[in-house]
Amino acid sequence: MKKLMLGNEAVARGLYEAGCRIASAYPGTPSTEITETLAKYDEVYAEWAPNEKVAMEVALGASIAGARSFCAMKHVGLNVAADPLYTAGYTGVTGGMVVAVADDPGMHSSQNEQDSRHHAIASKVLMVEPSDSAECKEFAIKAYELSEKFDCPVILRLSTRVSHSQSAVELCDRVEKDLIPYEKNIDKYVMMPAKAIKRHPIVEDKLKAAAEFAESSELNRVEMGDTKIGVITAGICYEYAKQALGDKASFLKLGMINPMPTKLIRDFAAKCDKVYVIEELDGIIESHCRNIGVDVVGKELFGYIGEISQTIVSEKILGTKPEFDTFAENVPVRPPVMCAGCPHRGLFYCLKKLGVTVSGDIGCYTLGATAPLNAMDSTICMGASISALHGFNKALGEKAEKNSVAVIGDSTFMHSGMTSLVNVAYNATNSTVIILDNSITGMTGHQQNPTTGKNLKGDPAAAVNLVDLCHAIGIKSVRVVDPYHMAETEAVIKEELAKDEPSVIISRRPCALLKYVKHNPPLKVDSSKCVGCKQCLKIGCPAISMHDGKSVIDHTQCVGCGICTEMCKLGAIVK
Amino acid sequence: METKSIMIVGVGGQGSLLASRLIGNVLLQQGFDVKVSEVHGMSQRGGSVVTYVKYGDKVYSPVVEKGEADIIISFETLEAARYVPYLKKGGHIVLSTQQIDPMPVINGAATYPENIVEKLKAMGIDVIAVDALKIAEECGNAKASNVVLMGVVSTKMPFDEACWNKAVEECVPAKFLDLNKKAFAMGRQA
């Protein structure tokens, strides 16, 4: 049976068919749907871990126990999980271990545009890269075979367009893999210096063997057409190049990214007049070609930034330009915004009003940095809000402490904010940390986390009590506010900023998009009372706009949260 | 057959993912090679969102580039103007007359262009403009405006009504099936 599947769903299907038993992941666009899909297969145990490092260690532990295991993350998540990955390269595996990593060229939903292929090379593990959903399934299955054949974790590299494009996939039955009986093996799995030093030569040997395998593996494919143009490519770029060039070029499509073949590339290049390397982000394939003495054209033509496309390939190689008409007037941009009824809005309005420095973090609430709120000063990576605020306050002293906060979501706090809060308590700054507890992992599309009381399958689970946790860390002053009540929220922030001790404010209100959240009827503007003062526009609600000098509420968006009624001193916003 | 391209554009949260699933389902029933490309994550929070659907004998790139779209389906009027450069010469636009002010317009930093439909038509484009929101509300739920618009689109594509109905049944949760069937039928008549 053929089915249209997202690349991510197809990866999950491949893992399932290959007999994967244990999966652990932290959500991250564009990787999230892999684990969500896996959770629907009863034969696979799947969980949301608090962060990617935990997920990878769970997968490695399951592999040591003899099970085929899996973990998934977005590109920046691999930085968090890099520590276990680099040593898992040394220990190798017992049951096959696959690590899916989804890069985000073009930064559709990310804070940087890093190329995870560097990690595969640096950690000395194998990496394969599919181009469409059918290959996502096929390569996931192949990755397990390679993992067990070469005694090594295998990274399945994805990118936004592969993960989030649907194409046809042939479904097959699951092949159960028995657990490989557990045997204690100190030399292989206890990575203390005397043991690890003996593992390193083994790692180098298996990379050599894998490179030899890459010369003839069906993961790498030659498609000969016109030999005036030769293209070496991988992943989504293969699709762009095929559409743009078709029979006008010959292709070497690399499915195996680490290690790459040598002879195969040299032989292919020798048959073509001019060879282009088409790859997004960094010049990994290009550098390899140059290292083995193959002259190619790559980054000087395609650059390092953003996504490539069929148009770019046509323009750069064939010199053709697309024809199109443009709308004659300026079309205003439509940036993402906090949703109508978003509980973060009231809090950020308070922060803007107070004029405090805001150390931000990763999540929907990063949108607090956008107009008209503009209430954020920095955003770096998961968990950095609290540690960066501590450093900021250490550098600038008491004046900064009284006028700065960190904002971090519930899921991000569990991911890596907790350790930063330990640092605030232990090394003593009078920092004020606001945990935006919307009872879900929001930006990635509503995943459960250790504070929500539910697991990945939606079953009841232990819930971290944030108030107790903060107390246990050593924060004495912990307050809970409802951000729909802005006056009270503002008063509490002021009180906590004034204190000569570290404090935590938990701004608690479930995400307005959660299915169980009951909405109030939409509010209306009494146009006889509205004077068009635009006060209500200051909160940046997408449901409120001005038409003919009066404010208007879009009934299809408004969920009746009521924070705009606190803005209107004339009582013009009514039920 | 040469690859055909459809773009579905709108504002994050308007239901473009369901719309693309419906079309994808219909095209797969016809035996085409199909690719549907979506964007998840931050832009879904009220930003400008775009979904690509491509079909033919063999589809490679899942994305639609400028000058490639045979049909642009727009859930919001301004978004049709934004993506018009993606339309192929002689292509069609099916749009909902719903207008949602983007934040720069709300803030007063920009203005929402007037008479977009007329201006698109003046460019020589075949534009079908429908008040899908009003029709959806008549069906009982504003959220079904995406399916209303798909009903309109179905009249512009050479596939049987039965295929579309089958797609609606397979893509929509049982709870909302009656509503969406009605919305689709009303869209076809609009």
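Residues whose amide H falls under 5 Å from that of residue A:251, counting only those 5 or more places apart or on a different chain, are A:223, A:224, A:225, A:231, with hydrogens built in the peptide plane. Against chain A, whose longest principal axis is taken from its Cα atoms, helix A:384-396 shows a tilt of about 60°. With the simple model of a label 7 Å out from the Cα in the direction of the Cβ, residue B:178 to residue A:467 spans 4.5 nm. For residue A:26, the residues 5 or more places off, or on other chains, whose built amide H falls under 5 Å of its own are A:49, A:72. Loop sites here are chymotrypsin sites (Phe, Trp or Tyr not before Pro) outside DSSP states H, G, I, E and B with no more than 13 other Cβ atoms within 10 Å. The longest part of chain A free of them is A:305-515.
If you wrap a convex hull around the Cα atoms of region A:2-216, how much volume per residue is inside, in Å³?
Convex hull of Cα atoms, per residue: 111 Å³.
Please tell me the relative contact order of chain A in percent, rounded to the nearest whole number, where contacts are Cα pairs under 8 Å and at least six residues apart. Reported as a whole number, the value is 11 percent. The alpha carbon centroids of region A:520-575 and region B:126-158 are separated by 28 Å.
Its alpha carbons considered, region A:94-198 gives a radius of gyration followed by a Dmax of 16.6, 50 Å. Averaging 1/r over every pair of different alpha carbons in region A:524-574 and inverting the result gives a Kirkwood radius of 10.7 Å. In plain terms, if you count all Cα to Cα distances in region A:471-575 and split them into 5 Å steps from zero, the share in each step is 2, 11, 19, 18, 15, 12, 11, 7, 4, 2, 0, 0 percent.
Divide the volume of the convex hull around the Cα atoms of region B:4-189 by the residue count and you get 119 Å³ per residue. All C-alpha pair distances within the protein assembly as shown, sorted into 10 Å bins from zero, spread as 3, 13, 22, 25, 21, 12, 4, 1, 0 percent across the bins. Among A:457, B:119, sorting on how many other beta-carbon atoms sit within 10 Å of each Cβ, with the fewest leading, yields A:457, B:119.
The rule of thumb for compact globular proteins, 2.2 N^0.38 Å, goes into the C-alpha radius of gyration of region A:343-508 0.95 times.
Read-outs throughout are calculated quantities, based only on the coordinates presented, and are distinct from any laboratory measurement. For clarity, every value in this text was computed on a predicted model and none was experimentally measured. Glycine also receives a Cβ, built like all others from the backbone with ideal geometry; neighbour counts cover every protein chain displayed.
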